[in-house]
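Reviewing the structure listed below.
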Amino acid sequence: MKATFRIQRFDPEKDKKPYYQEYVVEVEPTDRVLDGLNKIKWYQDGTLTYRWSCAHGICGSDGMRINGTNRLACKTLMRDVGDRVTVEPLLGLPIIKDLVVDMEPFFEQYRSIHPYLINDEPPPEGRERLQSIEERERFDDTTKCILCALCTTSCPSFWGDPAYVGPAAIVNAHRFIFDSRDRGAAERLRILNSRHGVWRCHTIYNCTIACPREIQVTRAIAEVKQAILHGEST
Ligand code: SF4
Ligand code: FES
């Protein structure tokens, strides 16, 4: 099939504002949008700039808006988007060039919730800190996050308040708050109970719809809110 890609371009060194450029490429219906972008870059216009790495939905680096919806280009088939595809950068983060946004504000929010195991107690002699199947299950869903930012950048609360910690940071806080081996829940809940924390979430569900890992993002946020209100964690 022939597909027309309408791509938002912007080079801050040359352009005053973003503009759209069209390219026509021959693709298979089973090609991914990423394959179309690569054909454009490799054979038509080497200046087109976007991120990707694994091409298999694991690294989380090729998040972009495809026909107005946050998607990973490597997990979106051409047959599902049709023969006219509009591709734009994620919203709410500064554009570095074309489809590449500055992820640093996103990772700053991620780091703010201490996304690592906190436990100063010595581990049991000669073995790991053990968990029951039920204890591991409690936070299984939120271990699947690949930090692609599709949830946070689809959230109107984040667009309105860039200081909002955002769904992805809350998902990663959830992963440790409900881990029976962790002792940092009280500090994370204190951080998330602040002005730009979980209460900025108005249960809009864009995050859950956007997540390519099918994480129940809104439910994770609700569980963190409950933990703040009722002190439930590990
Ligand atoms: Fe991406 Fe889902 Fe993680 Fe959000 S929760 S950063 S959408 S993988
Ligand atoms: Fe790694 Fe798409 S290129 S997730």
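Worth a mention:
- Kirkwood Rh, Cα atoms: Rg over Rh of region 135-180: 1.05
- For Arg111 and Lys2, the FRET efficiency from 1/(1 + (r/R0)^6), where r spans their Cβ atoms and R0 equals 35 Å, is about 0.20.
- Net dipole in debye of region 99-174 [+1 Lys, Arg Cβ; -1 Asp, Glu Cβ; about Cα centre; nearest 20]: 140 debye
- Cys residues of the chain counted as unpaired, since no other Cys beta-carbon is under 4.7 Å: Cys74, Cys145, Cys148, Cys155, Cys201, Cys211
- Here region 77-168 is treated as a sphere whose radius is the Kirkwood value from Cα pairs; by Stokes-Einstein at 37 °C and 0.692 mPa s it diffuses with a coefficient of 196 µm²/s.
- Each residue of region 19-34 was assigned a 3J(HN,Hα) from its phi angle through the Karplus expression (A = 6.51, B = -1.76, C = 1.60, θ = phi - 60°), giving 9, 10, 10, 9, 9, 10, 9, 8, 9, 8, x, 8, 5, 8, 4, 4 Hz with x at Gly and Pro.
- Size descriptor, Kirkwood hydrodynamic radius, that averages inverse alpha-carbon separations across region 86-234, Å: 16.0 Å
- With 0.36 nm allotted per residue and the present C-alpha distance subtracted, the Glu28-Trp159 stretch has 43.6 nm of extension available.
- Farthest toward positive dipole pole in the chain [+1 Lys/Arg, -1 Asp/Glu at C-beta], among Trp52, Tyr19, Gly184: Tyr19
- Once C-alpha pairs closer than 8 Å and six or more residues apart are averaged by separation and normalised to the residue number of region 25-158, the relative contact order reads 25 percent.
- Charged-residue dipole, Cβ positions (Lys, Arg, Asp, Glu), the chain about Cα centre, Debye nearest 20: 480 debye
- Region 32-93, relative contact order [Cα under 8 Å, separation at least 6], %: 34 percent
- Here's the picture: charge each Lys and Arg Cβ at +1 and each Asp and Glu Cβ at -1 in region 50-199, and of Pro124, Ile66, Thr152 the one pushed furthest to the positive end of that dipole is Ile66.
- Listed peptides 100-113, 176-189, 18-31 by packing density, highest first (mean Cβ within 10 Å): 176-189, 100-113, 18-31
- For the chain, averaging the sequence separation of C-alpha pairs within contact (under 8 Å, six or more residues apart) and dividing by the residue count gives a relative contact order of 18 percent.
- Gain on full stretching of the segment that runs from Lys41 to Glu121 - 0.36 nm per residue minus C-alpha separation: 23.6 nm
- Relative to its Kirkwood radius, the Cα radius of gyration of region 33-135 gives an Rg/Rh of 1.17.
Each value in this text was obtained by applying a stated rule to the coordinates, not by laboratory testing. Just so we're clear, the structure is a prediction, and the values are computed from it rather than from any experiment. Cβ atoms come from the backbone with ideal geometry, glycine included; neighbour counts cover every protein chain shown.
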